[in-house]
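To keep things clear, I will list the structure first and then write my remarks on it.
All of the numbers you see were taken from the coordinates with simple rules; none came from a lab. The structure displayed is predicted, hence computed values, not measured ones. Positions of Cβ are generated from backbone atoms using ideal geometry, with glycine treated the same way; all protein chains shown enter the neighbour counts.
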Amino acid sequence: MASQITTGKDVLSYCTKCKLNLSHTIVAMKDEKSIAKVVCNTCKSTHSYKDPSSSNANKTRTKSTAGTTKKTGVSKVVSISDLWMEKLNKTTSKSQPYTTDHKYREGDVIDHTKFGPGIVQNVKATTMEVVFRHEIKTLVHNKPS
């Protein structure tokens with residue numbers, strides 16, 4: 001069952017200030033199905049909703065319907081908790097405690113003391129994006145001790 005898109009819900013959007021696909025809170029709707037304005041949960045700036053699949057930054061995914069890859073010009077908005085649940089259901093790795101000195105790979109499941117369980121994505125040399133249940137965070141990893 002798809003979650004209803006309304007004001008106050010969290011969605012992924014491209015932040016024009018942070019230049020990243022991040023968690024945003026919907027503050028205004030154009031109509032029942034179209035998001036007008038969002039507030040970035042990281043930098044707190046308010047801007048028009050920017051579909052994360054059309055940004056040039058680290059791309060997060062939008063769902064295609066029925067497994068098709070037809071380009072119709074309409075993308076489906078995926079809430080962060082839906083994305084987290086989908087990634088969690090697909091993973092086969094066991095959860096491991098998060099530490100800054102461990103080197104993580106995409107798809108690893110970590111257990112953060114503050115944010116809870118998360119799935120690692122977009123791994124770089126010393127940073128990584130982690131999808132938690134209600135937000136996406138950039139965390140440090142592979143830090144020499």
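Observations on the structure shown:
- Ranked by the mean number of other Cβ atoms within 10 Å of their residues, highest first, the peptides 114-120, 96-102, 35-41 fall in the order 35-41, 114-120, 96-102.
- Unsatisfied cross-links (Cα-Cα over 19 Å) in the set LYS87/LYS137; LYS9/LYS44; LYS17/LYS87; LYS50/LYS124; LYS103/LYS124: LYS17/LYS87; LYS50/LYS124
- Length-normalised contact order for the range 78-145 - Cα pairs under 8 Å, 6+ apart - percent: 31 percent
- Calculated P(r) of the range 78-145 - Cα pairs past 19 Å, %: 23 percent
- Radius 13 Å from Cβ of THR138, net charge of other residues (Lys, Arg +1; Asp, Glu -1): +1
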